[in-house]
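Right, I'll just put the structure down here and ask away after.
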Ligand code: ATP
């Protein structure tokens, strides 16, 4: 028995001449919270809809629970929750939730028990006799989740389910969703373009760009070891510095750049030779200036152009050899605009990657 719930191999979807999803391979393990993340139009929703059996791939195979997604059988394994909730307006909360079980001709007593359990789990007790238009957005989304979960699918598909909520409710529902997923233990596949939401919720993030998967991994892996400049820039902030590979030293790559020599870690899967152009990604929080730069393995210097106090950190823009670097400084800053300051960073914290294609 494999613990892979969802398997995609060479899955491609075209709309006329446009390739929306381009030969993707993906394995999703049982009980994981997996997020498809990327900007609008990168193919996330189309991928999710194909897993749910709402769209059919032009090429490739999709399996859910070991069965091919073709027609009705696989539909038993998945349920989808939409941003728009898609509740039945003329049905009460309890009727909306029970609908799928009634369709499956479950006995009344079993329906009552299943619904009571899920209503309790989603904090909807007391709302059973209301109609959707008598509920807040957050409550409506909970009803949509309850309606999907009550049928005990193997995999729950969620398409920007919090997109219609205000920021505060969205944050609250993020915590609830994560707890809910742990409690029910089923696989959640979640689509969002919001990188913070993806970081918050996911066991694994699958980053997509123009119909392809560019990297997948835990939030820590994606943030700490981005595979491409696109990933580094899309998830969190980063300084991207153009460089050329000069040599290798103890598993590290030595590059030359406008900042001088930079020694850094190679990105996962980097295939590059000496003399090749590369990009070095340095997060603002990994750059130190002034006294903090002392002793770090990479050193340069630059002129402070701008200082902005942001609360937890001070964002300092330093011009290093014509390159503006964003630096997040913690604590008091003993320097002002116009000062020439040392800037340093550790080779452990920066990644060398192939230039964006
Ligand atoms: P969003 O967050 O905006 O929904 P997405 O990453 O989910 O973006 P998709 O909805 O999967 O992207 O769409 C991928 C591309 O395919 C887009 O360029 C979109 O315009 C196109 N597309 C999607 N569905 C159709 C369709 N039914 N007919 C034609 N083009 C489509």
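Which of the following residues is closer than 16 Å to residue 297 by Cα and touching a residue at least 12 places away in the same chain (Cβ under 8 Å): 253, 235, 245? Please lay out each step first, then the result.
Values: 235 fails: closer than 16 Å to residue 297 by Cα; 245 fails: closer than 16 Å to residue 297 by Cα.
Checking each option against the conditions leaves just 253.
Let me ask another. For the structure I just gave you, tell me whether residue 37 is buried (at least 18 other Cβ atoms within 10 Å of the Cβ), near the ligand (Cβ under 8 Å from one of its atoms) and within 21 Å of residue 181 (Cα to Cα).
Working: buried (at least 18 other Cβ atoms within 10 Å of the Cβ): yes; near the ligand (Cβ under 8 Å from one of its atoms): no; within 21 Å of residue 181 (Cα to Cα): yes.
Answer is no for this residue.
Residues to consider are 27, 5, 17; find the one that is closer than 14 Å to residue 189 by Cα and free of Cβ contacts under 8 Å to residues at least 24 places away in the same chain.
Values: 5 fails: free of Cβ contacts under 8 Å to residues at least 24 places away in the same chain; 17 fails: closer than 14 Å to residue 189 by Cα.
None of the others qualify; the one that does is 27.
Which of (1) out of contact with any helix residue (DSSP H, G or I) (no Cβ under 6 Å at 6 or more places or on another chain); (2) part of a strand (DSSP E or B) does residue 263 not meet, given it meets every other one?
Only one criterion is unmet by residue 263, namely (1).
Might you check whether a residue that is within 16 Å of the ligand (Cβ to nearest atom), under 30 Å from residue 41 (Cβ atoms) and not in a loop (DSSP other than H, G, I, E, B) occurs anywhere in the stretch 137-156? Before you say what the answer is, go through the steps one by one.
Looking only at the stretch 137-156, we keep the residues that are within 16 Å of the ligand (Cβ to nearest atom), and these are none.
No: the stretch 137-156 contains no residue that is within 16 Å of the ligand (Cβ to nearest atom), under 30 Å from residue 41 (Cβ atoms) and not in a loop (DSSP other than H, G, I, E, B).
Could you tell me whether the stretch 122-131 includes any residue that is within 14 Å of the chain's Cα centre (by Cα) and under 26 Å from residue 28 (Cβ atoms)? Can you show your working first?
Applying the first criterion (within 14 Å of the chain's Cα centre (by Cα)) to the stretch 122-131 yields none.
Checked the stretch 122-131: no residue is within 14 Å of the chain's Cα centre (by Cα) and under 26 Å from residue 28 (Cβ atoms).
Of the residues in the stretch 95-111, how many are under 25 Å from residue 138 (Cβ atoms) and out of contact with any helix residue (DSSP H, G or I) (no Cβ under 6 Å at 6 or more places or on another chain)?
3
Take the residues in the stretch 1-34 that are within 16 Å of the ligand (Cβ to nearest atom) and exposed (fewer than 14 other Cβ atoms within 10 Å of the Cβ), then tell me which one is nearest to residue 63 (Cα to Cα). Step through it out loud before you land on a result.
Taking the stretch 1-34 as the starting set, the residues that turn out to be within 16 Å of the ligand (Cβ to nearest atom) are 8, 11-24, 26, 34.
Still in the running and exposed (fewer than 14 other Cβ atoms within 10 Å of the Cβ): 15-18.
Values: 15: 22, 16: 25, 17: 26, 18: 24 Å.
Step by step, filter the stretch 1-34, then rank; the result is 15.
Per-residue answers, yes or no, for (1) away from the ligand (no atom under 16 Å from the Cβ); (2) assigned by TED's automatic domain parsing to the domain that holds residue 349; (3) over 18 Å from the mean Cα position of the chain (by Cα); (4) under 29 Å from residue 13 (Cα atoms):
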position: 114; (1), (2), (3), (4): yes, no, yes, no
position: 134; (1), (2), (3), (4): yes, no, yes, no
position: 161; (1), (2), (3), (4): no, no, no, yes
position: 178; (1), (2), (3), (4): yes, no, no, no
position: 222; (1), (2), (3), (4): yes, no, no, yes
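Then there is this: Only one of (1) in contact (Cβ under 8 Å) with a residue 60 or more places away in the chain; (2) out of contact with any helix residue (DSSP H, G or I) (no Cβ under 8 Å at 6 or more places or on another chain); (3) away from the ligand (no atom under 15 Å from the Cβ); (4) not in a loop (DSSP other than H, G, I, E, B) fails for residue 45. Which number is that?
Single failed check for residue 45: (3).
Please indicate, with yes or no, whether at least one residue in the stretch 98-108 is touching a strand residue (DSSP E or B) at 6+ places or on another chain (Cβ under 9 Å) and outside any loop (DSSP other than H, G, I, E, B). Working first, answer last.
So in the stretch 98-108, the residues touching a strand residue (DSSP E or B) at 6+ places or on another chain (Cβ under 9 Å) come out as 100.
Adding the requirement that they be outside any loop (DSSP other than H, G, I, E, B) leaves 100.
Yes: the stretch 98-108 contains one or more residues that are touching a strand residue (DSSP E or B) at 6+ places or on another chain (Cβ under 9 Å) and outside any loop (DSSP other than H, G, I, E, B).
The values are calculated or read from the model by the stated rules, or taken from the named source; none is laboratory data. These numbers come from a predicted model, not from an experiment. Reconstructed Cβ throughout: ideal geometry from the backbone, glycine too, with neighbour counts over all protein chains shown.
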